[in-house]
1. Per 5 Å bin, what percent of the C-alpha pairs of the chain does each bin hold, from zero upward?
2. Please compute the contact order of the range 162-242 in relative form: average sequence separation of alpha-carbon pairs under 8 Å and at least six residues apart, divided by the residue count, as a percent.
3. How many angstrom separate the Cα center of the range 61-104 from the Cα center of the range 110-162?
4. Figure the gain on full extension for residue 105 and residue 219 (residue separation times 0.36 nm, minus the Cα-Cα span) and round it to one decimal in nm.
5. Would you calculate, for the chain, the mean residue ellipticity at 222 nm contributed by helices, counting each DSSP H stretch of 4 or more residues as -39,500 (n - 2.57) and dividing by all residues, to the nearest 500?
6. Listing 44, 122 from the residue with the fewest other Cβ atoms within 10 Å to the one with the most, what is the order?
7. Run the quick spin-label model on residue 210 and residue 236: label points 7 Å from Cα toward the beta carbon, then report their separation in nm to one decimal.
8. How high is the FRET efficiency between residue 129 and residue 244 when r is their beta carbon distance and R₀ equals 45 Å, given to the nearest 0.05?
């Protein structure tokens, strides 16, 4: 069960009511980057803090899109079910990412926490009103959306044009670069997703994912540290294999 509390209550327990967002590790990367202190207070008043357990669903396709969400901790997968029952993972979201904005009244995909996660939830109507009075925040949201579109375009290329090795190398390079940009650990690189989820993201089978990872390991490009951690041993070679250099 998702536990909810207002940001005010959350910060009161920490004793930092004067600067409620001070301890947010994602502030540098998300929409709050554009806020001054007064704007932070106004947005703070609209937010509800959600704490998600591992594998807990934030929303499902078909749910009414009443809220938008700012991911502040953890990793969330966004996916959709295909007509034949298969799953396509559209992306893995990191702290600072924004989700839930929909063109229609309902969500078109599922969002699931791959780790314990925290989000700030905003009622859509109230958030839209806030954007109208704070154009710099709307601009920051547009920049985030533009980055998301670029990410989606790279994913299309990965699915449509790349070989199995290129797909896995691209996946690792992208996760390494995005994690590093968010000040998350990259040496070693944590993989909170399962091999099945990597397969659903790269459009391959689990067996192919495991085989390619094993090949990269034997070529000493990476080292597998358990099932959920990878140490990149040769960054230049990984980037070459991904087709990015």
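Only the coordinates and a few stated rules stand behind these numbers; no lab work does. Treat the numbers as computed from the prediction; the structure is a model and nothing was measured. No Cβ is skipped: glycine too gets one built from the backbone with ideal geometry, and neighbour counts run over all protein chains shown.
1. Bins of 5 Å from zero give 1, 6, 12, 17, 18, 16, 12, 8, 6, 3, 1, 0 percent of pairs.
2. That works out to 40 percent.
3. 9
4. 36.1 nm
5. One gets -13000 deg cm²/dmol as the mean residue ellipticity at 222 nm.
6. 44, 122
7. According to this spin-label approximation, the distance is 3.4 nm.
8. Working: r = 41 Å, r/R0 = 0.91.
Once the sixth-power term is evaluated, E becomes 0.65.
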